[in-house]
Structure formats: C-alpha cells, structure tokens
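The values are calculated or read from the model by the stated rules, or taken from the named source; none is laboratory data. In this text, all values refer to a predicted model and were calculated from it rather than measured experimentally. Here the Cβ is made from the backbone with ideal geometry for all residues, glycine too, and neighbour counts use every protein chain on show.
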Amino acid sequence: MAINLAIFASGTGSNAQKIIEHFKNHPVVQVTLVVSNNSRAGVLDIARNSGIETLILDKQRFRNGDGYVGLLKEKRISFIVLAGFLWKVPDTLLDAYPGKIVNIHPALLPKYGGKGMYGKFVHEAVLAAGETESGITIHYVDGLYDHGRIIFQESCSIDQGDDPDSLAMKVHRLEHLHFAPVLEKILLSLTDAKQDLK
Ligand code: GRF
C-alpha cells in the first residue's frame, strides 16, 4: 500500500527538505504534495526543485470553506505533516484525517505552546523562564494549537550564553535528526495495522 504524504509549511522548509530527502525512493511512502499559505515561502522552491507538486492555500477556503478536503482526497493524500505551518487546521480537515495529521513543535510541550508560540518567540520564552533544557515535540494535531497527543520528544541542554538564535540551532538540529525517522515509524505502523486487519 502506498502512502502519499502532504507537507504543510509556511516558511523556509528545512524540515520539509529533510522529510523529502528521507522518503526519496522509499518503497512505501512518498511526498506527493507541498502545501503553503505563503506563496513566497522557501519551502515551495524546495518542492519544485524536487519535482513535487505545490499548492497555495486561500485563507477563506481553508478556514471557512471545504478545507481543501476534496482536493487532498483526489490526490490520494493519506497523511499530513505540519512542518512549520502557522495556520490552525480547521475542523473539516481534522475530521477528514483523524489521527493522520502530525506537527513538530520546537520546545518540550505542554510548555511553551499555543497561539503565538512559534519561531523565536518560543525560544525567547524558554530562555526568559530560565529553563535548563528545551527540545522538540512531535504530536498529533487536534483543534487547539500545539495540543494533540505527544508521540515523541527529545531534549537538548541550554547552556550559559545561549541566546534565541543558538537555541534555535540546537532545536533545529534535533528536528532534522528525528522528524523524518519518527514519521517513517508512524507511517509504517499504519500499514502494519492495515495488514493485520486483512
Ligand atoms: C521548526 O522549528 C518547527 O518546529 C516549527 O517551525 C520551524 C520550521 O522550520 N514548527 P523550517 O521551515 O522547517 O526550517
């Protein structure tokens, strides 16, 4: 069974890049679509350079319309990965993909998540609180920001002299190391479960 992945991203797309590389020539999983709310996002260049189809979202249609469900189903997307995607996922899309949407957050949830907690704001808050460690969280997506069930976490230490930029680099390193392999595990376990049902 082939699994078609859509990556949703709003920015540079370094995580998307890693995921695309990881699943290149994979026997089961393929990245079929890269979706963005921002027509100038770097992630779109990454997709184009890899020959992957792209889609730019219209805010009204995404939030208050069909949530692009029909189109995603038409393209046989079976799983959605949020990799630096800043819009909240509407219920229409959540309902169409139950347990099939995951996100990565650049801190150890449940702390330092929620609306407005993205990019450097997260690292600034972590440092301001005097934490001695931060890290990454991969989690299922539900109707609230950074809230769904946690799948995987990895931490890094915060050292004296760390600033938001240096902490962001540490966290990105962890993301690039773990996101794609963790995704692969989730996706392959889905195909195993299907086989068990036969
Ligand atoms: C990552 O730090 C991710 O945790 C967060 O957004 C950032 C995206 O970075 N949700 P990039 O665009 O993949 O480089």
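How do the pairs read when you match residues in segment 72-101 that are in contact (Cβ under 8 Å) with a residue 60 or more places away in the chain with residues anywhere that are part of a helix (DSSP H, G or I) and charged (D, E, K, R), using Cβ under 8 Å and keeping only pairs 6 or more apart or on different chains?
From residues that are in contact (Cβ under 8 Å) with a residue 60 or more places away in the chain, the pairs are Trp87/Lys59; Trp87/Arg63.
Just to be sure before I move on: is Gly148 part of a loop (DSSP other than H, G, I, E, B) and under 13 Å from the mean Cα position of the chain (by Cα) in the structure I sent? First the steps, then the outcome.
Details: part of a loop (DSSP other than H, G, I, E, B): yes; under 13 Å from the mean Cα position of the chain (by Cα): yes.
When the stated conditions are applied, Gly148 passes them.
Only one residue in Asp159, Asp163, Asp142, Asp192 is within 15 Å of the chain's Cα centre (by Cα), over 18 Å from Asn15 (Cβ atoms) and not β-branched (Val, Ile, Thr). Which one?
Working: Asp159 fails: within 15 Å of the chain's Cα centre (by Cα); Asp163 fails: within 15 Å of the chain's Cα centre (by Cα); Asp192 fails: within 15 Å of the chain's Cα centre (by Cα).
Every option except Asp142 fails the conditions.
Show the residue pairs meeting these rules: Cβ distance below 7 Å; 6+ apart or different chains; first residue within segment 1-26 and more than 8 Å from the ligand (Cβ to nearest atom); second residue modelled with pLDDT under 95 and among the polar types (S, T, N, Q).
Note: pairs meeting the criteria are Met1/Thr191; Ile3/Thr191.
Name every residue in segment 31-62 that is more than 12 Å from the ligand (Cβ to nearest atom) and surrounded by 16 or more Cβ atoms within 10 Å (Cβ to Cβ), in order of residue number.
Answer for segment 31-62, where residues must be more than 12 Å from the ligand (Cβ to nearest atom) and surrounded by 16 or more Cβ atoms within 10 Å (Cβ to Cβ): Val31, Thr32, Leu33, Val35, Asn37, Ala47, Ile52, Thr54, Leu55, Leu57, Phe62.
I'm trying to understand the selection: among the residues of segment 40-85, which are under 21 Å from Leu187 (Cβ atoms) and of a type in the set (Lys, Arg)?
Lys73, Lys75, Arg76
For every residue, the table says whether it meets (1) free of Cβ contacts under 8 Å to residues at least 24 places away in the same chain; (2) within 23 Å of Asn4 (Cα to Cα); (3) outside any strand (DSSP E or B).
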site: Ser155; (1), (2), (3): no, no, no
site: Leu167; (1), (2), (3): no, no, yes
site: Leu174; (1), (2), (3): no, no, yes
site: Ala180; (1), (2), (3): no, yes, yes
site: Leu190; (1), (2), (3): no, yes, yes
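Looking only at segment 156-176, which residues are more than 14 Å from the ligand (Cβ to nearest atom) and crowded, with 17+ Cβ neighbours inside 10 Å?
Ile158, Asp162
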